[in-house]
Amino acid sequence: MKNFFNLIRVKHWIKNLFVFAPLLFSKNLFNKSFFLQTFVSFILLSLLTSGLYVFNDIKDLENDKLHPAKKERPLAKRLFSKNFALIISILFISISLIFSFFLNYKLTLLFIFYIFINILYTIYFKKIVIIDVFVIALNFILRILTGSIATGINISSWLILCTLFLSLFLGFSKRRFEIISLKENANRHREVLSSYSVDFLDKIIVVLSTSTILSYALYTVSTETKEKFGESLVYTIPFVVYGILRYLYLIYKTNEGEPTKLVTSDIPLILTITFWIITSIIFIYR
């Protein structure tokens with residue numbers, strides 16, 4: 001079962017928690033009906049993303065065998081056959097599409113678009129410099145839209161803006177990590193890395209980390225936010241600032257940069273995210 005969970009990348013389901021953002025910032029987190037709809041959409045989206053991850057692993061199988069970390073993936077280690085992996089991919093994607101239709105047909109249309117974008121990414125977009133990371137950022141925005149469509153909750157443009165900058169920051173940080181960790185073999189494992197340089201990525205990371213902090217800070221003091229939640233949300237800014245600075249520390253001092261690994265293993269980062277969630281709930285729902 002452990003190998004199967006690694007095949008469908010259950011650890012990466014943490015990214016799909018973004019579907020709960022519309023629920024949190026609309027004061028509906030404790031609405032049982034909305035919460036159930038969001039939770040179901042989270043499960044369906046997780047099955048969909050797992051199916052696409054498996055599809056990507058099938059396509060990149062030969063390159064993964066040469067990668068120092070990806071060679072440990074179940075498919076690269078031949079723990080499962082390509083045919084079995086293909087069946088799992090098709091099954092998971094089909095289940096998510098079928099059941100999403102019963103939840104909301106608009107959600108099915110969004111999932112189809114998600115599949116279309118990610119297949120294009122696997123085949124083409126991941127080879128185009130900068131566009132490759134923008135597609136990753138689009139996936140995070142689609143996660144938020146999943147939560148919005150599942151419940152019918154309108155989302156703030158601020159939420160989209162903050163998510164865009166944060167996901168771009170994480171995406172380009174990961175590219176930097178890949179270049180440093182793979183060294184001269186970087187472009188062999190990911191073709192687009194030959195178009196990047198550490199110096200170029202460092203400049204992008206500075207811009208995006210600043211933009212992430214500023215966009216969140218401006219959101220907390222905006223008229224829209226004050227009318228909905230009062231002025232208390234501004235006190236969550238230190239958690240966001242520390243979280244970004246801690247992440248910068250990790251990518252520059254420890255040469256890490258894999259988002260999923262860092263947010264699930266670095267204790268200070270885990271505590272920061274936890275405290276931000278708790279304080280946000282308190283200030284929004286007090």
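Laboratory data are not the source of any read-out in this text; all were calculated from the coordinates shown. Everything numeric here is computed off the predicted structure, so don't read it as measured data. Cβ atoms come from the backbone with ideal geometry, glycine included; neighbour counts cover every protein chain shown.
Take the residues in the stretch 66-112 that are among the aromatic types (Phe, Trp, Tyr) and surrounded by 13 or more Cβ atoms within 10 Å (Cβ to Cβ); name whichever of them is farthest from Lys261 (Cα to Cα).
Phe101
Taking into account only those residues within the stretch 23-39 that are under 18 Å from the mean Cα position of the chain (by Cα) and closer than 24 Å to Ile93 by Cβ, which is surrounded by the fewest Cβ atoms within 10 Å (Cβ to Cβ)?
Phe39
Return yes when Arg190 is in contact with a Lys or Arg (Cβ under 9 Å, 6 or more places away or on another chain), surrounded by 15 or more Cβ atoms within 10 Å (Cβ to Cβ) and either among the charged types (D, E, K, R) or closer than 30 Å to Asn28 by Cα (or both) and no when it is not.
It is true that Arg190 is in contact with a Lys or Arg (Cβ under 9 Å, 6 or more places away or on another chain), surrounded by 15 or more Cβ atoms within 10 Å (Cβ to Cβ) and either among the charged types (D, E, K, R) or closer than 30 Å to Asn28 by Cα (or both).
Could you check how many residues of the stretch 34-73 are closer than 30 Å to Asn154 by Cβ and aliphatic (A, V, I, L, M)?
Within the stretch 34-73, residues that are closer than 30 Å to Asn154 by Cβ and aliphatic (A, V, I, L, M) number 8.
Of everything in the stretch 158-168, what is surrounded by fewer than 20 Cβ atoms within 10 Å (Cβ to Cβ) and either under 10 Å from the mean Cα position of the chain (by Cα) or β-branched (Val, Ile, Thr) (or both)? Give them in sequence order.
Ile160
One residue is enough: does the stretch 147-157 have a residue meeting the conditions of a type outside the set (S, T, N, Q), closer than 27 Å to Leu271 by Cβ and crowded, with 19+ Cβ neighbours inside 10 Å?
yes
Any residue in the stretch 262-281 that is within 20 Å of Phe229 (Cβ to Cβ) sitting within a Cβ distance under 8 Å of a residue that is part of a loop (DSSP other than H, G, I, E, B)? List the pairs, counting only those 6 or more apart or interchain.
Ile281/Leu29
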